[in-house]
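Data block below; observations after.
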Amino acid sequence: MTSPAASLVDLERYPVDRLDTPEGQALVASCRAQLETNGCCNLTGFVRKEAVAAMREEALGLEDMAYRQDGRRNAYFTLDDPALPQDDPRRRYWHYRMHQLAGDAIPGGTGCRALFQWGALTEFFRQILDYEALYPMADEFQNLNLIYLHSGHHQPWHYDQGEFAVTLLLQAPEAGGDFEFVPAIRSETDENLAGVAAAIDGRHPGVVRPVRDAGTLTVFRGMYSLHRVSEVQGNRPRITAVLSYDGRPDRIATDRENIHIYGPRVAAVLESRRAQESL
Ligand SMILES: O=C(O)CCC(=O)C(=O)O
Ligand SMILES: [Fe+2]
């Protein structure tokens, strides 16, 4: 059976449903080359215009359930360490606001859920990122998220916990809200704090700003590439779907972590489940 997701994607331009054909293999090769050179693969017009408009409406209808984050954090999600020098990048904190919706609240009938669960798309990511096996992330809260950034909102510099992430822009803001990242700024063995300080201060020469519009799909290696979303301006919120995959089929986060990220709604979901189980 064809997945409903197939009708959302511009398959003429991006033949992810026929990866074993010459045009499918050419797409894989070009994405691999983009990832190699930029640490990022940016596919404009991946989701068709009418489809992205419908997905944006679905996302707007779900926003009430999103956690309204309003906090302070550094790029490492760590607490301040006064023993470090004052100008250490680990001591740079930003006040930020954003609305984030966990995957359990994104129903099966939505376009972004259909895309996330489409086997052909997972296989495409597996091939371009060179995984032996790849699965949609098992954690029901973290697997698929919607992020809404309104005027004045931004997502400060950070690294992701997953090796790579896939984002789909559902609505571009009027101004600002640029995705900025520095490919492979750190490695497993070198935090490169001097490079991170340069990026934070706006003097790193390697900052990449892919051109993105509604419907653009972006794959990037966020665990080693510092990235952020600059402040959104104007009345139209920036809406992004974040799709997470894993080389393991069963990785789930702790309740504590998910409550921390997604707030009281998820705490209540977990609490009511515990109450059910103890009946
Ligand atoms: O919205 C984006 O473009 C990036 C999102 C991101 O980096 C994240 O959610 O970790
Ligand atoms: Fe990120």
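Bear in mind that the values in this text are calculations on the coordinates, not laboratory data. Only a predicted model underlies this, so the values are computations on that prediction, with no experimental measurement involved. Please note: Cβ atoms are built from the backbone with ideal geometry, for glycine as well, and neighbour counts cover all protein chains shown.
Miscellaneous remarks
- Mean separation of Cα contacts under 8 Å (6+ apart) over length of the chain, as relative contact order %: 25
- In a fully extended conformation the segment linking Glu163 and Thr189 would gain 7.8 nm over its present Cα-Cα distance, using 0.36 nm per residue.
- Summarising the label geometry, the points placed 7 Å from Cα in the beta-carbon direction at Glu50 and Leu62 lie 2.3 nm from one another.
- Over all pairs of different C-alpha atoms in the chain, the reciprocal of the mean inverse distance, the Kirkwood hydrodynamic radius, equals 19.6 Å.
- Radius 15 Å from Cβ of Gln127, net charge of other residues (Lys, Arg +1; Asp, Glu -1): -4
- Taking a Cβ cut-off of under 14 Å around Val232, the surrounding Lys, Arg, Asp and Glu residues balance to a net charge of +1, with basic ones at +1 and acidic ones at -1.
- Hydrodynamic radius by Kirkwood, which averages 1/r over all alpha carbon pairs of segment 110-177, in angstrom: 14.2
- In the chain, helices alone account for a calculated mean residue ellipticity at 222 nm of -8500 deg cm²/dmol, with every DSSP H run of four or more residues adding -39,500 (n - 2.57).
- Counting every other Cβ atom within 10 Å of each residue's Cβ, Tyr224, Tyr131, Tyr245, Tyr262 order from fewest to most as Tyr131, Tyr224, Tyr245, Tyr262.
- Other residues lying with their Cβ under 13 Å from the Cβ of Phe141 contribute a combined charge of -1, Lys and Arg counting +1, Asp and Glu -1.
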